[in-house]
Amino acid sequence: MRPACGDCLTQAHVGSICPDCLRASLPSTSVRLRQWNAAQHMLVTRLLIAVNAGVFLWTLLGGVTGILSGSNINRRQFDLAFSSIFIDNGEWWRLVTAGFLHFGVFHVAMNMLLLFQLGQLLETGIGRTRFTLLYAASLLGGSRGALLLSPNALTGGASGAVFGLMAAATVGLRQRGINPFQTGIGATLVLNLLITFAIPGVSIGGHLGGAIVGGAVGYVMLEPRWNRDLPSLAIVAPLVASALCVAVSIALV
């Protein structure tokens, strides 16, 4: 034991404690990190929203024309978007960057609202790793779908990823015997599909591609029996789907 002055002592539940004893009583760094990590609700969802919002603000600094509707694009938006000519020139990373690009406030606001709602359901239910992989596969599926149906259009947005999450949630509910229309997920998916075909300029391929890949991955990832028998499928399925989307986009653009 070492002597300690009154100014160095810390009030404890009973009496006081010296600095050395206080440090010794604290959890280790790894334990504190695990505790912090466990306390972060919807961490991936919030990070994705932050990145999308950050990219949107960054693109606005390149020029604020068309801020509400996104009717005009600036150089920064152009550098993140994709079309077949960019992929054909080897700029395959645009398949990813375009998924974080939005044209106008309404575009980013609607996508982030849906992402937040779906993150509450899916990230909480399946965990951060699987949610991240599902989101990535859906995003790349949306990029592939957009290249397939509108190869020459300049495309961007998180809609493909969001549609993939909606489709996966719908499939997952059905696998558990729950009617998606009783939860609001089914109606949200149908409404957004109607908007996809009703509003000009919306990437039909991006939305459908994301929904198809997200639904397929969700079928494997969220099926209870497969998760019990072969839990690795929940990781393998989105990785394989993502790799196929990128490979096919590059090879067949």
Exercise. Would you check if Leu148 is crowded, with 19+ Cβ neighbours inside 10 Å and touching a helix residue (DSSP H, G or I) at 6+ places or on another chain (Cβ under 8 Å)?
Key: no
Quiz prompt | Contacts under 6 angstrom Cβ, first residue in segment 91-116 being assigned by TED's automatic domain parsing to the domain that holds Asn74, partner among the aliphatic types (A, V, I, L, M) and assigned to a loop (DSSP other than H, G, I, E, B), 6 or more apart | solution = Ala98/Ala81; Gly99/Ala158; Leu101/Ala81; Gly104/Leu68; Val105/Leu68; Asn111/Ala158
Quiz item: Can you tell me which residues in segment 95-117 are surrounded by fewer than 16 Cβ atoms within 10 Å (Cβ to Cβ) and aromatic (Phe, Trp, Tyr)?
Solution: Phe106, Phe116
Exercise. Name the one entry in Val190, Val202, Val171, Val162 that is over 28 Å from Phe82 (Cα atoms) and either at pLDDT below 95 or part of a helix (DSSP H, G or I) (or both).
Key: Val171
Quiz item: For Val246, which of the numbered conditions (1) under 24 Å from Gln117 (Cβ atoms); (2) in contact (Cβ under 8 Å) with a residue 40 or more places away in the chain; (3) surrounded by 12 or more Cβ atoms within 10 Å (Cβ to Cβ) fails to hold?
Solution: (1)
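The values are calculated or read from the model by the stated rules, or taken from the named source; none is laboratory data. All values derive from a computational prediction rather than experimental measurement. As a convention, Cβ positions derive from the backbone with ideal geometry for all residues, glycine included, and neighbour counts pool all protein chains shown.
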